[in-house]
Amino acid sequence: MHARLLMYASDALSGFMRDLERIGRSKDVAILVFTEFGRRVEENASLGTDHGTATPLFVIGDSVKGGFHGEPPSLTELDDGNLIKTTDFRRVYASMVEEWMGFDDTERLLRGRFEPLGLFERAPASTPSAG
């Protein structure tokens, strides 16, 4: 079931990106995909996993530097059954806002300084600034 659900999401995102490419706008779009909660490692009684702490995020787009960014979490060193995050999600937000959108005051926006990850080859042609 999980593989099928991932395939549905993948097909929808792939179709969207193909449509953007068809109309010549794929270089203008970056997509951030994430869930509002993480998952635990151990399978539960219904053959799924319970809500947990850490989760992967996906950044998709023509200008995204492909590959993994950050360290993968351990599947054996856990915090009460939960994955231990290795990259703060606010670093991904800072990357999207600062590197992609060109807004340079992420410290005020995110209420702290979170170093961008260098996710992009280039930003879109016109980007706003904090002023």
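Return yes or no: is VAL92 in a helix (DSSP H, G or I), within 26 Å of PRO124 (Cβ to Cβ), in contact (Cβ under 8 Å) with a residue 40 or more places away in the chain and within 15 Å of the chain's Cα centre (by Cα)? So that I can check it myself, show each step before the final result.
Working: in a helix (DSSP H, G or I): yes; within 26 Å of PRO124 (Cβ to Cβ): yes; in contact (Cβ under 8 Å) with a residue 40 or more places away in the chain: yes; within 15 Å of the chain's Cα centre (by Cα): yes.
The answer is yes for VAL92.
Looking only at the stretch 48-96, filter to residues that are hydrophobic (A, V, I, L, M, F, W, C) and over 30 Å from GLU21 (Cβ atoms); which one of those is surrounded by the fewest Cβ atoms within 10 Å (Cβ to Cβ)?
Ranking the candidates gives LEU75 first.
Of the residues PHE68, PHE114, which single one is among the hydrophobic types (A, V, I, L, M, F, W, C), within 26 Å of LEU6 (Cα to Cα) and either outside any helix (DSSP H, G or I) or in contact (Cβ under 8 Å) with a residue 24 or more places away in the chain (or both)?
Of the residues listed, the single one that is among the hydrophobic types (A, V, I, L, M, F, W, C), within 26 Å of LEU6 (Cα to Cα) and either outside any helix (DSSP H, G or I) or in contact (Cβ under 8 Å) with a residue 24 or more places away in the chain (or both) is PHE68.
List every residue pair whose Cβ atoms lie under 8 Å apart, where the two residues are 6 or more positions apart in sequence or sit on different chains, the first residue falls within the stretch 97-110 and is in a loop (DSSP other than H, G, I, E, B), and the second residue, located anywhere, is among the charged types (D, E, K, R).
ASP104/GLU98
When you scan the stretch 1-10, how many residues do you find that are of a type in the set (Phe, Trp, Tyr) and either assigned to a loop (DSSP other than H, G, I, E, B) or closer than 30 Å to ASP79 by Cβ (or both)?
0
Each value in this text was obtained by applying a stated rule to the coordinates, not by laboratory testing. Only a predicted model underlies this, so the values are computations on that prediction, with no experimental measurement involved. Cβ atoms come from the backbone with ideal geometry, glycine included; neighbour counts cover every protein chain shown.
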